[in-house]
1. How high is the FRET efficiency between L21 and Q58 when r is their beta carbon distance and R₀ equals 25 Å, given to the nearest 0.05?
2. Which value in nm describes the separation of the simple spin-label points at V51 and V30, placed 7 Å from the Cα toward the beta carbon?
3. Highest mean first, what order results for 24-30, 12-18, 34-40 on Cβ atoms within 10 Å?
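Every read-out reported here was derived from the displayed coordinates using simple, explicitly stated rules and does not represent laboratory data. Keep in mind that what you see is a predicted model, and the values were worked out from it rather than measured. As a convention, Cβ positions derive from the backbone with ideal geometry for all residues, glycine included, and neighbour counts pool all protein chains shown.
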Amino acid sequence: MDYVFFSENLKRYYPKVYNELTEILSKHDVHYSVLKGTADYWCRDYMPVQVDGNSFVQFNPNRSLETELALFLMTAIRKMWLYIVGS
């Protein structure tokens, strides 16, 4: 089953974008949910992306380009995975 997660910040600060995306997903029978406690808008910074069936890729930012602010805003991968799997 395909499933998409959104940051609660996207829903809170960009409701029009969130509503348009979820409407499209619903039309295509793709389930979605909101992650609470994220520090940024886009889950691509800490979530794997499903590219085909059971194949996933992980965004890998160039850490040398990050500023102190960017580091503050990025959500810890472990924190989000623990939220998702409920551990």
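1. 0.75
2. The two pseudo-label positions are separated by 1.6 nm.
3. Those peptides, ordered most packed to least, come out 34-40, 12-18, 24-30.
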